[in-house]
Amino acid sequence: MTIPAEPLTVVARAMYEATMRPFLHIQSGRPVGEPWEQLTEHHQGTYLVKVRKALESETFADYYAWLTLPERLLGPGSAFEAEHGCPPEADEDTERTRGHRAEYHLVQHLLRVDDGALLTESAA
């Protein structure tokens with residue numbers, strides 16, 4: 001099933017507004033992160049990719065494995081790992097996994113076909 005672009009964009013914006021924008025505010029100390037409209041098309045596109053992957057993933061663990069694949073491919077002893085540490089496992093309760101879990105469940109909630117949500121509203 002192909003989902004029209006408009007609902008995907010709405011959910012990508014919701015993902016950014018609900019998860020990343022507050023995180024950027026906490027990390028930087030600035031009043032708020034950049035509004036969606038001020039993000040570059042490329043940056044907005046990264047959220048669309050994350051929405052599609054979260055929708056394709058049967059479980060949070062699948063989605064999280066995809067998100068952390070680049071770090072895991074670098075392997076132990078990489079400069080990235082030395083600076084940031086190993087990514088936590090999907091079942092660990094960390095700030096990072098909670099944020100990604102929020103992304104995954106937001107997408108599942110808003111685009112689930114069985115609930116109707118945005119998908120059927122846009123198709124009606």
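In the stretch 95-124, what residues are at pLDDT 90 or above and either open to solvent by less than 60 Å² (accessible area, probe 1.4 Å) or in contact with a strand residue (DSSP E or B) (Cβ under 8 Å, 6 or more places away or on another chain) (or both)?
Result: THR97, HIS100, ALA102, GLU103, TYR104, LEU106, VAL107, GLN108.
Consider only pairs whose beta carbons are under 7 Å apart and that are at least six residues apart or on different chains; among these, list those whose first residue lies in the stretch 21-45 and is within 18 Å of ALA5 (Cα to Cα) and whose second residue is open to solvent by 70 Å² or more (accessible area, probe 1.4 Å).
Taking only residues 6 or more apart or on different chains, the pairs are TRP36/ARG13.
Got a sec? Which of GLY29, GLY33 is open to solvent by less than 80 Å² (accessible area, probe 1.4 Å) and in contact with a His (Cβ under 6 Å, 6 or more places away or on another chain)?
Working: GLY29 fails: in contact with a His (Cβ under 6 Å, 6 or more places away or on another chain).
After ruling out the rest, the residue left standing is GLY33.
Listed residues GLU71, GLU92, GLU81; which is among the acidic types (Asp, Glu) and surrounded by fewer than 12 Cβ atoms within 10 Å (Cβ to Cβ)? First the steps, then the outcome.
Numbers: GLU71 fails: surrounded by fewer than 12 Cβ atoms within 10 Å (Cβ to Cβ); GLU81 fails: surrounded by fewer than 12 Cβ atoms within 10 Å (Cβ to Cβ).
Going through GLU71, GLU92, GLU81 in turn, the sole match is GLU92.
Please go through the stretch 1-41 and give me each residue that is within 16 Å of the chain's Cα centre (by Cα) and either aliphatic (A, V, I, L, M) or at pLDDT 95 or above (or both), ordered by number.
If the condition is that a residue be within 16 Å of the chain's Cα centre (by Cα) and either aliphatic (A, V, I, L, M) or at pLDDT 95 or above (or both), then LEU8, VAL10, VAL11, ALA12, ALA14, MET15, ALA18, MET20, LEU24, LEU39 are the ones that fit.
Determine, yes or no, whether ARG72 is modelled with pLDDT under 95, more than 17 Å from the chain's Cα centre (by Cα) and in a helix (DSSP H, G or I).
Working: modelled with pLDDT under 95: yes; more than 17 Å from the chain's Cα centre (by Cα): yes; in a helix (DSSP H, G or I): yes.
Spelling it out, ARG72 is indeed modelled with pLDDT under 95, more than 17 Å from the chain's Cα centre (by Cα) and in a helix (DSSP H, G or I).
The values are calculated or read from the model by the stated rules, or taken from the named source; none is laboratory data. Bear in mind that the values here come from a model prediction, so they are computed numbers and not experimental data. Virtual Cβ from ideal backbone geometry, glycine too; neighbours counted across all protein chains shown. With ligands, DNA and RNA removed, areas are computed over all heavy atoms of the protein, side chains included. Shrake-Rupley method; radii C 1.70, N 1.55, O 1.52, S 1.80 Å.
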